[in-house]
Amino acid sequence: MPTSAPSSPVPVDDVWAVLGRFESIADFVGKLSAGELEGGGGPVVGAVRRLTIATGGVARERLVSMDARDRSYQYEFPAESIPFPVRSYLATIRVRPVTSTGTTFVEWYGDFDCDAAVEEEMRTAFLSRYVAFTADLVAHLGC
């Protein structure tokens, strides 16, 4: 269920400086009114970010892996607080340079496990979020 943002005129390091801050996604995602790491500290593997949704709900996401050199990370919903009818969910974000043009390509996708009865609904729900979040990122970067 991959999605991607169009290549942007923003250099890859500038895009990663925003998107690579796991704890700060609420800085650019319009549907979020706040975000913070639970327990303070930095964005280390195992850290949980608590996101306040503009409508008042709360979501929690745990950092599973972070590779700043590769400009990528993965996160999941902690098993005790999955906000969708899925058994598991793992999202991956990658930021890549387009070397021929000096632009940036963002890839954001997720893998999940759920009952067949809600699979298409969840696929649509997650895909729409990735599209909206990457559009918010593009707007935040002024592209």
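Which pairs turn up if I take residues in segment 26-53 that are surrounded by 14 or more Cβ atoms within 10 Å (Cβ to Cβ) and look for partners that are of a type in the set (S, T, Y) with beta carbon separation below 6 Å, at least 6 apart in sequence or on another chain?
As it stands, the answer is T52/S33, since those pairs meet every condition given.
Looking at E120, is it out of contact with any helix residue (DSSP H, G or I) (no Cβ under 9 Å at 6 or more places or on another chain), in a helix (DSSP H, G or I) and over 22 Å from L32 (Cβ atoms)?
It is true that E120 is out of contact with any helix residue (DSSP H, G or I) (no Cβ under 9 Å at 6 or more places or on another chain), in a helix (DSSP H, G or I) and over 22 Å from L32 (Cβ atoms).
With under 26 Å from A17 (Cβ atoms), open to solvent by less than 30 Å² (accessible area, probe 1.4 Å) and modelled with pLDDT under 95 as the only criterion, which of T103, T99 stands out?
Just one listed residue meets the conditions, T103.
Going through E80, E61 one at a time, which residue ends up being acidic (D, E) and either open to solvent by 40 Å² or more (accessible area, probe 1.4 Å) or more than 18 Å from F126 (Cα to Cα) (or both)?
Testing whether each residue is acidic (D, E) and either open to solvent by 40 Å² or more (accessible area, probe 1.4 Å) or more than 18 Å from F126 (Cα to Cα) (or both) leaves just E80.
Scan segment 124-136 and tell me whether some residue there is in contact (Cβ under 8 Å) with a residue 12 or more places away in the chain, over 20 Å from F22 (Cα atoms) and open to solvent by 40 Å² or more (accessible area, probe 1.4 Å).
Looking for residues that are in contact (Cβ under 8 Å) with a residue 12 or more places away in the chain, over 20 Å from F22 (Cα atoms) and open to solvent by 40 Å² or more (accessible area, probe 1.4 Å), one finds none in segment 124-136, hence no.
Report the residue count in segment 106-117 for those that are assigned to a strand (DSSP E or B) and surrounded by 16 or more Cβ atoms within 10 Å (Cβ to Cβ).
The number of residues fulfilling the criteria is 6.
The values are calculated or read from the model by the stated rules, or taken from the named source; none is laboratory data. Because the structure is a prediction, the values reported are computed rather than measured. Virtual Cβ from ideal backbone geometry, glycine too; neighbours counted across all protein chains shown. When the accessible area is computed, the model is the full protein with side chains, heavy atoms only, and any ligands, DNA or RNA have been set aside. Shrake-Rupley method; radii C 1.70, N 1.55, O 1.52, S 1.80 Å.
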